[in-house]
Every structure is written in C-alpha cells, then in structure tokens.
Amino acid sequence: MSRQDLAPSRSAAIFAESEGYFPGGVNSPVRAFRAVGGSPVVVREGRGAHVTDADGRRFLDYIGSWGAAILGHADPEVTEALREAAGRGTGFGMPTPYELDLARAVRAAMPSLERLRFVSSGTEAAMSALRVARGATGRDHVVKFAGCYHGHADHLLAQAGSGLATFGLPSSAGVPAATVGQTLVAPYNDLDAVRAILAAHPRRVAAVIVEPVAANMGVVAPRPGFLEGLRELTRADGALLVFDEVITGFRMGRGGAQARFGIAPDLTCLGKIVGGGLPVGVYGGRRDLMERVAPLGPVYQAGTLSGNPLTMAAGAATLRRLTDEAYAVLEARAARLAEGLADAARRAGAVATVVREASMLTVFFLPMAPRDYAEARGADVARYARFFRAMLDRGVLLPPSQFEAWFVSTAHTDDHVAATLAAADDAFRAAG
Ligand code: KE4
C-alpha cells in the first residue's frame, strides 16, 4: 500500500474544502498536482529540509517554496529576525532603516543595481523593470524567450514557462491581442532569432528580458556565448538587457548569474531568496534608468507593502548566512545529488537526463539536455508523473511538474541526499 493510500486523509479533506474557496483548490496553479495526479500534499509545517503534511507525513522537500527557502524551512536565525521585526510593527507606509539594510546587502552582492526598488513579487519586479525600459527608451516592443517565465503580467504571458508550460497554455485568456502583440518571442539560446527580430524592428525594441539560466521549462542552461551575444545585440540596437534573476539571484552565488557569467545587464529583477521566504521582488539597475522612476521621473510604480520590515528582516537574515563557504557546500551537495540521480537512471535503464546549475536541477525524461522550450516540451511528462508519485510514496516531495526545478537547501544533508538517491533507485524503475 503506498503512503498515499492510507486512511481518508486530513490533507484530502482540507483540499476538498479548499476547492470550495479557491479555483482548483489552490492559490497558485501548479500546486494543484494536476500534472502529476492525485490530491496535493497539504503542508502543515516545514522544518529544515522537510515538510510535514496535515496527516503528519514527513517529506524531504525539493520545492523549497520554489527556490526561496535556500536555508531550509523555519531557519532559527531567520525566524528570530522575523519575530523581532514583528514586535516593532509590520509596516508603516513610510521609509524604515530595515529596507536600507537589505538594499546595502543586495548592492554589495550585485553592483549593477546602482539604484533599486523593493516590490512584493517577482511579477511586479519584471513588470516594473520593463516599464522603466519602455519609459527610458520610448520604445514599445519587448523580446522574451519561449519557456521563460517572468510572472503573470499581461504582456509577459506569451509562450511563458512555469505553470503555462505545465498546463500547455500558449498564453492566457483575458489578455488583449494588442497587449501581447508587442511581445516578440524567440527560442531560448537562439541568437540568430534575436538578431532577426531586432533587424525586423530596428530601434523599436525597448528591452530583451531573459532568465540567464532558464528554470521555468525545467533547468535549461545558456549555451556558451548566448548571454554575451544578447549583451552585444542589445547594445548595438539601443535596446536594454534585463536579467530576470528572480530564481538565479542568490541561488547561483552571491552575485547571481550576472556575476557567474560576468555580464552586467542594464536592469535586473530579483525575488524569492532575497526576501527570506516572504513576499518580495526587486527591480534595479543603471542609475540613469532608475532615476526615471517616480518620484524622480515619469515612470510610475508603487506598492503598499514594498520594503516592509518583515520581508526586509527575513531577507537580510538570509543573505547574512549565504557565505562563499555556504555556497561551496550547497553546490557540492547538489552535484552529488545530480550525479547520483543520473547513475540511478542509468541503472534503471531510464531515458532521463539530469541538468544541474548551481544548487538547482531538473530530471528531464529526455535522452539529452534540452536547449530550448520546444525540446523541453518533448519530455515524457507521463513518465515524470509516475516518477513523481513513486518518489512521493517514498517520502520525497519533488516539484509537481516536469517544467520546474528541484532546489537544494543548506538544510539538506549528505544523509538526505543518500535517502533521495535510494528512493530514486526504486522510483526510476517504478516509473517504467
Ligand atoms: P512571483 O510573482 O511568483 O513572485 O514571481 C514571478 C517569477 C518571475 N520570474 C521568474 C524567473 C520566476 O521563476 C517567477 C516565479 N516562479 C514560479 C516557479 N517557477 C512561481 C511558482 C508559482 O507560480 O506557483
């Protein structure tokens, strides 16, 4: 009997009632387990590398709040920082010293953010960064890449990844054609396609926005020269280069992907880790661009809880722990996990490829690593669903979609990696 077949569960009862409140019973689509089947895990609490569901079942967690929980769940220092901040009040709608503390840490890690603004989600960060780009250039078109996800702002839902990839949605209902008409889409890793778009729309593209390492079609690495090529092409055309580092920021080292690849974008978006697990987004970049933002300039953006003390405290407490040593241990462990998963797939005779970048990875049910969204979508999603369930039955919670990333935290130990690999040995066979 699998773990899921236990007596009628509280999780199932909670989810059934939730379906009477939320569309699909969830507050974000991918959580509904529609791509992997069954009733979703209803998490009652998390601690370290584990989450516990409403029935007391404990799982090793590789969702990690979609990357935010890089220190694991309920980290004592982050929790204490939050407790202390909450005692001072949760928000004032006025400047506080706490936003400055976090801004100092962000800019020390990413000097390209000469000026920055805190917001409350990655969607807000990407939406605002592109508004700055359009306001600064006076141009209306933006270029994005198929399979990249930059949140759910209308004009960014064209061929997006993450939940749209999970559900096979080319875009979203409710988005006027005119809105996405100015969003031009190229295949990831395809510089010729970008060159052709810029040639067809000379000096009309405000920005090219890219996940410097894609993680919303599964983890797809930039090919050598791709990011450098984007930097050159945008500079030559006068378009701005926007790095969406909502996932890669503070995941790929303190300086994020821009430090790892040595490229300075004009604007950067951050989220997740930088808020220590609380609602957050950041957009920032060149001073001459950001000084067009109200109240200094004509680009308007605002937010009631932008820079709120709780998020600032949790973010600052998290970044203090992300030392070079912490990253070295984290990435070595993720590498052992990735190598072990590839070995387990081979032993089981499974057609699977493991792609790892820093401490995030995807097990693609594909014979080789995909270079773009079209190739990623060729993955055997039914086999992924069987693998997901087999791992869940063995106490390991993976992202409930082939097109999302696994995230390793500093709370994952070598023993956790060993337990994951032991489960994977069986699960690859069970997935057939
Ligand atoms: P949020 O608005 O969800 O905070 O951030 C949007 C966003 C922007 N840019 C990138 C690169 C992102 O990955 C995201 C959000 N990531 C997804 C997971 N792949 C959020 C999970 C969900 O939608 O439930």
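Scan segment 295-305 and tell me whether some residue there is open to solvent by 20 Å² or more (accessible area, probe 1.4 Å), more than 12 Å from the ligand (Cβ to nearest atom) and in contact with a Phe, Trp or Tyr (Cβ under 6 Å, 6 or more places away or on another chain). Checked segment 295-305: no residue is open to solvent by 20 Å² or more (accessible area, probe 1.4 Å), more than 12 Å from the ligand (Cβ to nearest atom) and in contact with a Phe, Trp or Tyr (Cβ under 6 Å, 6 or more places away or on another chain).
In segment 376-399, how many residues are at negative phi and either part of a loop (DSSP other than H, G, I, E, B) or of a type in the set (G, A, S) (or both)? Spell out how you get there, then give the answer.
So in segment 376-399, the residues at negative phi come out as 376-394, 396-399.
Restricting the remaining residues to those that are either part of a loop (DSSP other than H, G, I, E, B) or of a type in the set (G, A, S) (or both) gives 376-380, 382, 385, 390, 394, 398-399.
Total meeting the criteria: 11.
In segment 161-179, the qualifying residues are those that are within 22 Å of the chain's Cα centre (by Cα) and not polar (S, T, N, Q), and the one that is surrounded by the fewest Cβ atoms within 10 Å (Cβ to Cβ) is G168.
Filtering segment 355-372 for residues that are more than 22 Å from the chain's Cα centre (by Cα) and either farther than 24 Å from M252 by Cβ or buried (at least 23 other Cβ atoms within 10 Å of the Cβ) (or both) leaves a non-empty set. Restricting attention to segment 14-64, the residues that are free of Cβ contacts under 8 Å to residues at least 24 places away in the same chain and away from the ligand (no atom under 16 Å from the Cβ) add up to 9.
Restricting attention to segment 307-326, does a residue exist that is in a loop (DSSP other than H, G, I, E, B) and under 18 Å from E124 (Cβ atoms)?
First, pick out the residues of segment 307-326 that are in a loop (DSSP other than H, G, I, E, B): 307-308, 322-323.
The next check asks that each one be under 18 Å from E124 (Cβ atoms); those that pass are 307-308.
Yes, segment 307-326 contains at least one residue that is in a loop (DSSP other than H, G, I, E, B) and under 18 Å from E124 (Cβ atoms).
Any idea which of R231, R195 is closer than 22 Å to R107 by Cβ, more than 16 Å from the ligand (Cβ to nearest atom), in the same structural domain as G151 (by TED's automatic domain parsing) and not aliphatic (A, V, I, L, M)?
On the way: R195 fails: closer than 22 Å to R107 by Cβ.
Of R231, R195, the one residue that is closer than 22 Å to R107 by Cβ, more than 16 Å from the ligand (Cβ to nearest atom), in the same structural domain as G151 (by TED's automatic domain parsing) and not aliphatic (A, V, I, L, M) is R231.
Considering L270, L289, the condition of being assigned to a helix (DSSP H, G or I) and either in the same structural domain as A126 (by TED's automatic domain parsing) or within 21 Å of the chain's Cα centre (by Cα) (or both) is satisfied by L289 alone.
Of the residues that sit in segment 17-27 and are open to solvent by 60 Å² or more (accessible area, probe 1.4 Å) and not in a loop (DSSP other than H, G, I, E, B), which one is nearest to V43 (Cα to Cα)? Don't jump to the end; show me each part of the working.
Initially, segment 17-27 is screened for residues open to solvent by 60 Å² or more (accessible area, probe 1.4 Å), giving 17, 19-23, 27.
Of the ones still in play, those that are also not in a loop (DSSP other than H, G, I, E, B) are 17, 23.
On the way: E17: 15, P23: 18 Å.
The extreme case among them is E17.
Given the criteria surrounded by 20 or more Cβ atoms within 10 Å (Cβ to Cβ) and assigned to a helix (DSSP H, G or I), does A85 qualify? Spelling it out, A85 is indeed surrounded by 20 or more Cβ atoms within 10 Å (Cβ to Cβ) and assigned to a helix (DSSP H, G or I). Checked against (1) over 29 Å from F226 (Cβ atoms); (2) touching a strand residue (DSSP E or B) at 6+ places or on another chain (Cβ under 6 Å); (3) open to solvent by less than 10 Å² (accessible area, probe 1.4 Å); (4) not small (G, A, S), H416 passes all but condition (3).
Could you please let me know if A129 is within 16 Å of the ligand (Cβ to nearest atom), open to solvent by less than 20 Å² (accessible area, probe 1.4 Å), closer than 17 Å to S306 by Cβ and modelled with pLDDT of 95 or more?
Yes; evaluated as a whole, the condition is true for this residue.
Against the list (1) outside the structural domain of D190 (by TED's automatic domain parsing); (2) within 16 Å of the ligand (Cβ to nearest atom), the condition L330 fails is (2).
Within segment 234-259, the set of residues being of a type in the set (D, E, K, R), under 22 Å from the mean Cα position of the chain (by Cα) and away from the ligand (no atom under 16 Å from the Cβ) comprises R254 only.
If the requirement is being assigned to a helix (DSSP H, G or I), more than 22 Å from the chain's Cα centre (by Cα), within 21 Å of A314 (Cβ to Cβ) and of a type in the set (D, E, K, R), which of these qualifies: R134, R44, R104? Before you say what the answer is, go through the steps one by one.
Values: R134 fails: within 21 Å of A314 (Cβ to Cβ); R44 fails: assigned to a helix (DSSP H, G or I).
Of the residues listed, the single one that is assigned to a helix (DSSP H, G or I), more than 22 Å from the chain's Cα centre (by Cα), within 21 Å of A314 (Cβ to Cβ) and of a type in the set (D, E, K, R) is R104.
Within segment 421-431, is even one residue open to solvent by 10 Å² or more (accessible area, probe 1.4 Å) and within 23 Å of V246 (Cβ to Cβ)? Within segment 421-431 (the criterion being open to solvent by 10 Å² or more (accessible area, probe 1.4 Å) and within 23 Å of V246 (Cβ to Cβ)), the answer is no, since none of the residues qualifies.
The values are calculated or read from the model by the stated rules, or taken from the named source; none is laboratory data. Treat the numbers as computed from the prediction; the structure is a model and nothing was measured. Cβ atoms come from the backbone with ideal geometry, glycine included; neighbour counts cover every protein chain shown. These accessible areas exclude ligands, DNA and RNA; they are computed on the full protein's heavy atoms, side chains included. Shrake-Rupley method; radii C 1.70, N 1.55, O 1.52, S 1.80 Å.
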